[in-house]
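One structure below.
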Amino acid sequence: MLGITQYSYSKDLGKYGHTFDIVEVNFLDFIHVKLKALEQSGFLAQWQREVQDQVKAKMLRPTPVSIPTTVRPDVFYYQPIITLQKDIIDPTGKVIYPKGLTINALDISTYPKVLQQYALTPPIYDTVLLFADGDDVLQVKWLKTKLMQLQRSKTPLKVILTGGNVYEVSLALDHNVRFDQGGFITRTFGIKAVPSIVTKDNVSMKIQEISYREVVFLAQID
């Protein structure tokens, strides 16, 4: 049998062109250098100011909740009812509160008996909630009138805006106001028009819409 052997030859061909050492750059050092350059150029400070201005603007003027006015005001009620979606059990597996148990936070009679002993008097919520659009000058005037009336009677109150600049309305009313972020509160109460007044009525919360004609009238006699 004829054997075939394959040979491999290698030869040093020398160096052609420039050669460079491979240098591994620490990534954190690279970021630090880039940030330093941005800082020296003034870009970083400008970016920080822009972000701060955007955050401040969003805090002072959150995204408005689109709720219209009405000339046909309605009165309706909301009950803060909670229904258990599953059994509540103790460490031994005993059911303490069964699935389907319904509790009205304003009605002691709906509390489990074990909790009724801790509620000797009906839940007290005497704070009046005033909802209005702070971008509507007439509604702000209406708020000021209602605010003065409630303050004279020493009734606790909270002003909740559905639109407008929180800081500017607070100055106009000389009273701290809140904003219904994301429409959570108005959605919970089912508020369909502003201005609206929310008060406790027995075991319910009463929502009273205000006719815009009344808002205009109060603004004219102010």
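The values are calculated or read from the model by the stated rules, or taken from the named source; none is laboratory data. These numbers were taken from a predicted model, which means no experiment stands behind them. All Cβ positions, even for glycine, are placed from backbone atoms using ideal geometry, and neighbour counts span all protein chains on display.
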ILE31, sole failed condition from (1) part of a loop (DSSP other than H, G, I, E, B); (2) modelled with pLDDT of 65 or more; (3) β-branched (Val, Ile, Thr): (1)
Single residue of THR92, THR69, THR63 found to be touching a helix residue (DSSP H, G or I) at 6+ places or on another chain (Cβ under 6 Å), of a type in the set (S, T, N, Q) and either within 30 Å of PHE131 (Cβ to Cβ) or assigned to a loop (DSSP other than H, G, I, E, B) (or both): THR69
VAL71 vs. criteria among the β-branched types (Val, Ile, Thr) and either closer than 17 Å to VAL198 by Cβ or modelled with pLDDT of 90 or more (or both): yes
Cross-chain or 6+ apart pairs with Cβ under 7 Å, the range 61-90 first and without any contact (Cβ under 8 Å) to a residue 24 or more places away in the chain, then outside any strand (DSSP E or B) and among the basic types (Lys, Arg): LEU84/LYS99; GLN85/LYS99; LYS86/LYS99; ASP87/LYS99
Count of the range 170-218 residues which are out of contact with any Phe, Trp or Tyr (no Cβ under 7 Å at 6 or more places or on another chain) and assigned to a helix (DSSP H, G or I): 16
Some residue of the range 139-160 being part of a loop (DSSP other than H, G, I, E, B), touching a residue at least 24 places away in the same chain (Cβ under 8 Å), surrounded by fewer than 15 Cβ atoms within 10 Å (Cβ to Cβ) and in contact with a strand residue (DSSP E or B) (Cβ under 8 Å, 6 or more places away or on another chain): yes
Test: residue in the range 113-121 that is of a type in the set (Ser, Thr, Tyr) and part of a strand (DSSP E or B): no
Qualifying position, being without any contact (Cβ under 8 Å) to a residue 60 or more places away in the chain and among the hydrophobic types (A, V, I, L, M, F, W, C), among LEU218, LEU173: LEU173
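Let's see how each residue does on (1) surrounded by fewer than 16 Cβ atoms within 10 Å (Cβ to Cβ); (2) at pLDDT below 95; (3) of a type in the set (Lys, Arg):
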site	(1), (2), (3)
GLY182	yes, yes, no
THR186	no, no, no
LYS192	yes, no, yes
SER196	no, no, no
VAL203	no, yes, no
GLU209	no, no, no
ARG213	yes, no, yes
LEU218	no, yes, no
